[in-house]
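The values are calculated or read from the model by the stated rules, or taken from the named source; none is laboratory data. All values reported here derive from a predicted model rather than from experimental measurement. Positions of Cβ are backbone-derived with ideal geometry, glycine not excepted, and every protein chain shown enters the neighbour counts.
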Protein chains: 4
Amino acid sequence: MTVRFGLLGAGRIGKVHAKAIAGNAQARLVAVADAFEQAASSLAADYGCEIRSIDEIEKASDIDAVVICTPTDTHADLIERFARAGKAIFCEKPIDLDLSRVKACLNVVSETNAVLMVGFNRRFDPHFAAVRKAVDDGAVGDVEMVTIISRDPGAPPAEYITRSGGIFRDMTIHDFDMARFLLGEEPVAVTAHASVLVDRKIGELGDYDSVSVILSTASGRQCLISNSRRATYGYDQRIEVHGSKGLVAAENQRAVSIEIANGQGYTRPPLHDFFMTRYTEAYANEIAAFIETIAKGTRASPSGEDGLAALALADAALRSVKEGRTITL
Amino acid sequence: MTVRFGLLGAGRIGKVHAKAIAGNAQARLVAVADAFEQAASSLAADYGCEIRSIDEIEKASDIDAVVICTPTDTHADLIERFARAGKAIFCEKPIDLDLSRVKACLNVVSETNAVLMVGFNRRFDPHFAAVRKAVDDGAVGDVEMVTIISRDPGAPPAEYITRSGGIFRDMTIHDFDMARFLLGEEPVAVTAHASVLVDRKIGELGDYDSVSVILSTASGRQCLISNSRRATYGYDQRIEVHGSKGLVAAENQRAVSIEIANGQGYTRPPLHDFFMTRYTEAYANEIAAFIETIAKGTRASPSGEDGLAALALADAALRSVKEGRTITL
Amino acid sequence: MTVRFGLLGAGRIGKVHAKAIAGNAQARLVAVADAFEQAASSLAADYGCEIRSIDEIEKASDIDAVVICTPTDTHADLIERFARAGKAIFCEKPIDLDLSRVKACLNVVSETNAVLMVGFNRRFDPHFAAVRKAVDDGAVGDVEMVTIISRDPGAPPAEYITRSGGIFRDMTIHDFDMARFLLGEEPVAVTAHASVLVDRKIGELGDYDSVSVILSTASGRQCLISNSRRATYGYDQRIEVHGSKGLVAAENQRAVSIEIANGQGYTRPPLHDFFMTRYTEAYANEIAAFIETIAKGTRASPSGEDGLAALALADAALRSVKEGRTITL
Amino acid sequence: MTVRFGLLGAGRIGKVHAKAIAGNAQARLVAVADAFEQAASSLAADYGCEIRSIDEIEKASDIDAVVICTPTDTHADLIERFARAGKAIFCEKPIDLDLSRVKACLNVVSETNAVLMVGFNRRFDPHFAAVRKAVDDGAVGDVEMVTIISRDPGAPPAEYITRSGGIFRDMTIHDFDMARFLLGEEPVAVTAHASVLVDRKIGELGDYDSVSVILSTASGRQCLISNSRRATYGYDQRIEVHGSKGLVAAENQRAVSIEIANGQGYTRPPLHDFFMTRYTEAYANEIAAFIETIAKGTRASPSGEDGLAALALADAALRSVKEGRTITL
């Protein structure tokens, strides 16, 4: 079976998915849609696909699935539209920045029995996936504490911050999903501290750039999350799971593994400086998983509900900061 | 100048200090006191010192300084007594489990102008000291986030738990001191989550064995602390400081640095399994610093006030758990 | 410019190159030839290219370059044929197992002014390439000593050994090339010790499975090579360059970077267990470099002369073992 | 039982042993002898022992054992003298630079049934000892290949070189001993390449500063040794043993285990810069082993014969360089 794709959005992340689809023997990229004609035609040329409007893709009988990479505020509408059109849907996170809008959208997905997979790419990183596998295999016994350190190489521009929904909904949301992926239980309490240490402008926009979060579950499992919008040494992405029998940790990744030693010491290169190079394999594996979900008719994972749950944690974290107390879910 | 020592308490930690004093060219161990005659005589034989009563040591003109290694509930009384006797005092942490008792004791120290150093040994660990030095040297720029992961190889026996004051006052207190040592600002807010995951008996005694803490300072610096009473892989003691220019981290320590590779992978030995072997150098450096403080007449550090501040954080953390909210100091 | 390729040989390594060509925007795979019809048609189907005979490819006006992945004993003949046909040639190592045959072949290449690149893929490994770059950038000062540890996960089957030319011409030859790549001077003396420790059958076939080699250059630079046909922990590929100012080393590679800690210690997974997964990026970069060589008209590197020089070292190493003395080149 | 010690030689290494004896509960330092009065009196003051002449120590009834730390050319005479005087003898390596002198000396040791231990301190390094233990425990199966990289932080002064016997007898001799310690079989063939890359003066004195050696045993086990008189990044001391079941390696050691990350990368401090700090534990363990040998009456190890065997390898390596061939032992 070959899954025939329509791609909505030919921007940075759209290109990543186009490449993953093109490189997958079970998939074919049929058409791309983008409001910016040049973006669409450039991508169409690179991957030998057609340019169509969103309407045309919606009605196309030669398209089985769509990948939604348009701006965030269009996600929920598009999901509903393509769910009704009977297409399988892969949507970049988040579904929406508003929790009730997400819920309404997921109702449509549910009513239409649509296949919806949400783009929490990190679950498909081979290293993080291996951490999860080790946990599933019992390597650490009962999970007790998850520690996630996640720092970006640099802060995004102000206009991005404005549209992002804030650090919890934009950045920490990945870690909330990873926490849920690894804790083995749902978090029931959230406490967050947040401040502006990296860039004063971020504070002026009402957002934070440095946050610490504790999650805990009903049985007392705990998760610590540390986020910063800036790490001079690259894209810092560490995860560890501590349990009754031991610990499993994923190491940071760099493009080149050499070490230079001299009188100043032993130096390895900085980490990846960009999420796309850091998560190249994750993006390819993610689309492969989506294709497999469609081909085998299995349940999509991460699902729309996973997207909802991570957003609820982000909202709770923000409330915790504002109210200076632990928020119970 | 040779500093002449009286040692109060010949137990496990007393022996550690006796050895450090004996091995220090600027110090001499004159006498030991212990309620258990056999403990005193064994230590006296090993290090060639006299056995005296606490009274005799208090009045001795041939003793300049005392090291207090007696049970916790005697610390404050002994500090006051020896402060009045004009001896320099090194006291194992904590001064007392009760904050007001500590304050009263420090008043006496202050009135008598006594030299008092409190036994936060980790400040003298060469690796943690090197982290602090790197921070002081500006290697990470402005400090933003401190992460401390501190896990014991195994839970202490129930009778220890009962007398310990609870995990925050007994175990996390070291991390609170380390946080203060590295943050460069006083914490003003504390949030803690705590649970019983390791040993149900600890819960029955009203204590916790697994805790997560966030501290924050006035300018928004944050510190994350993760504690567990059990780590199957040894004594897990990691510290890192993230700042505007970079990161500095102290690696875990093991007795033997070999690696065995075979079909199962690459395996290094577990970490130290005991705090005394992990902190051998720290204990020696600590007493050396105390001797230097006396010899040079410099200010004792960590001071009684450092002991007080760490205890206040421990109390606040416990309140945070009980009340489910952030405690402002 | 698009380079149009004919692929000679559709076996294991042929497929690797087909994939690299297919994934390269500057190249197109036009045709494949293979004596085994099924191999050719399977590869043709996967990459959408034609099946042609070697004769047809030789005469084809729509083919600019060939990749020779046929059995070793056909390499020299094919190189000569396609050199005369005016095609650019990429040939898997070795050109031939016989030094004089290689020389005769390179004469034809030289007379015809053909572009010939030889498949020493390791030069294109990003980690080894970064080592070379660090050396070129002066990071280690004057090169003094190169150490290469190169061990295969497991010994090849007897029939492979028989055709391989022996361990020096088959396996160590990669390290001889790497030594030349990194020493910055030609080796002038070779000493080797060799024995059969892994598999008695290899000895019965007149070959060795464990070898140690020292190379030295006119100015006294030295290179140590350690080879084994078996490493239980995976594909062990380490290179380091020691110089007047410091050291640069490439670390071993594994598919997944996690670490599991428990009472037995800290364990990372074994290394890659297959040269194709270990050198995935190297193979892609290698073909990209060949395409760039053709597109820009630059000198091919590694060249036929590089292939000759490595083979001469292999022959010298074998003589050193047989005669128990250092061979001067 | 307390072993009563006389120390011959109060120089740098004499002080190391004095400290080890003083810190060992089973030993007592009774007297020190040194031709330089000030060296003797300084050491005597530090450790509270007497100053005696060598004659006095030889005849002393209150001395059980001597530690010989005098200049190399006195070692053999002193060993013979104290063997005849019935003292247990620890002698710094080498016994003598001349093989026949060593043999004559060992004859006297043998005739007098004296206890003689030779100072190959590295056997007592906890990391190298752990490598040997792993080998003995079967962790790597049958030993096949040993790799030793041993580089000094800096070249010694010319006057030292002159008296040293050359790099093979002075520096590589430690690695020859380590090779014998780990190979599990005696080397029967030696090939060495040597050159002057670090310091031209060393060459003018007829010595080398950079050497590569291959040893092999009767069954074909191999050992590679790489030595340089200069490593900008500190005291480089790596050992690994590869066998039929796996690999065991000892990592390099540094005083402080921190890592600083910034835009230039991840940097750990240089290694120890001095053999005394690198081998602090080894020296203490070495004297403890000597004391235990005397106390328990076990066979001294490393023995005089171990000293002889390592020197024979050094002589063979030098001949290999001079004659450009493999030397069979």
| remark: D:Y233 vs (1) part of a strand (DSSP E or B); (2) crowded, with 24+ Cβ neighbours inside 10 Å; (3) among the aromatic types (F, W, Y): all pass except (1)
| Selection within the range B:305-328 - within 14 Å of chain A (Cβ to nearest Cβ), surrounded by 22 or more Cβ atoms within 10 Å (Cβ to Cβ) and of a type outside the set (V, I, T) | B:A316, B:A317, B:S320
| remark: Across the range B:218-229, the tally of residues that are buried (at least 21 other Cβ atoms within 10 Å of the Cβ) and either at the interface with chain A (Cβ under 9 Å from one of its Cβ atoms) or not in a loop (DSSP other than H, G, I, E, B) (or both) stands at 8
| Residue count, the range C:255-291 (criterion: under 20 Å from A:Y266 (Cβ atoms) and either among the acidic types (D, E) or touching a Gly at 6+ places or on another chain (Cβ under 8 Å) (or both)) | 2
| Just checking, how many residues over the range C:77-99 are more than 13 Å from C:L7 (Cα to Cα) and surrounded by fewer than 23 Cβ atoms within 10 Å (Cβ to Cβ)? | 10
| remark: Given the conditions (1) without any contact (Cβ under 8 Å) to a residue 24 or more places away in the chain; (2) under 29 Å from C:Y235 (Cα atoms); (3) not β-branched (V, I, T), every one holds for C:S41 apart from (2)
| helices (runs of 4 or more DSSP H) within the range B:117-199 that include 2 or more residues within 14 Å of chain A (Cβ to nearest Cβ) and over 15 Å from the mean Cα position of the chain (by Cα) | B:126-136
| query | Considering the range D:287-325 alone, what residues qualify as being within 22 Å of D:D125 (Cβ to Cβ) and among the hydroxyl-bearing types (S, T, Y)? | reply | D:T293, D:T298, D:S301, D:S303
| task | Say whether the condition of being in contact with a strand residue (DSSP E or B) (Cβ under 9 Å, 6 or more places away or on another chain), of a type in the set (S, T, Y), closer than 22 Å to A:I167 by Cα and assigned to a helix (DSSP H, G or I) is met by at least one residue in the range A:303-326. | result | yes
| From B:L97, B:L106, B:L182, residue being assigned by TED's automatic domain parsing to the domain that holds B:A76, in contact with a Lys or Arg (Cβ under 7 Å, 6 or more places away or on another chain) and hydrophobic (A, V, I, L, M, F, W, C) | B:L97
| task | Being of a type outside the set (S, T, Y) and at pLDDT 95 or above narrows it down to one of B:E56, B:E37, so name that one. | result | B:E56
| note | Restricted to the range B:274-304 and to residues being acidic (D, E) and surrounded by fewer than 20 Cβ atoms within 10 Å (Cβ to Cβ), the residue nearest to D:E259 (Cα to Cα) is B:E281
| Conditions (1) in contact (Cβ under 8 Å) with a residue 60 or more places away in the chain; (2) touching a helix residue (DSSP H, G or I) at 6+ places or on another chain (Cβ under 6 Å); number of the one not met by D:R101 | (1)
| query | Which of the residues belonging to the range D:141-158 are touching a helix residue (DSSP H, G or I) at 6+ places or on another chain (Cβ under 7 Å) and either surrounded by 23 or more Cβ atoms within 10 Å (Cβ to Cβ) or of a type in the set (K, R) (or both)? | reply | D:V146, D:I148
| query | Which of the residues belonging to the range A:234-268 are under 29 Å from A:I173 (Cβ atoms) and free of Cβ contacts under 8 Å to residues at least 24 places away in the same chain? | reply | A:N252, A:R254, A:A255
| request: State which residue is surrounded by the most Cβ atoms within 10 Å (Cβ to Cβ) when the search covers only the range D:63-76 and only residues that are touching a residue at least 24 places away in the same chain (Cβ under 8 Å) and among the hydroxyl-bearing types (S, T, Y). | output: D:T70
| field | Selection count, the range B:253-268, where residues are facing chain D (nearest Cβ under 8 Å), out of contact with any helix residue (DSSP H, G or I) (no Cβ under 7 Å at 6 or more places or on another chain) and outside any strand (DSSP E or B) | value | 1
| field | Complete set of residues in the range C:159-204 that are surrounded by fewer than 18 Cβ atoms within 10 Å (Cβ to Cβ) and of a type in the set (K, R) | value | C:R163, C:R200, C:K201
| Hey, among the residues in the range A:78-94 that are at pLDDT 95 or above and either part of a loop (DSSP other than H, G, I, E, B) or assigned by TED's automatic domain parsing to the domain that holds A:D177 (or both), which one's farthest from A:I287 (Cα to Cα)? | A:A85
| Is it fair to say C:I239 is more than 12 Å from chain D (Cβ to nearest Cβ), in a strand (DSSP E or B), crowded, with 21+ Cβ neighbours inside 10 Å and touching a strand residue (DSSP E or B) at 6+ places or on another chain (Cβ under 9 Å)? | yes
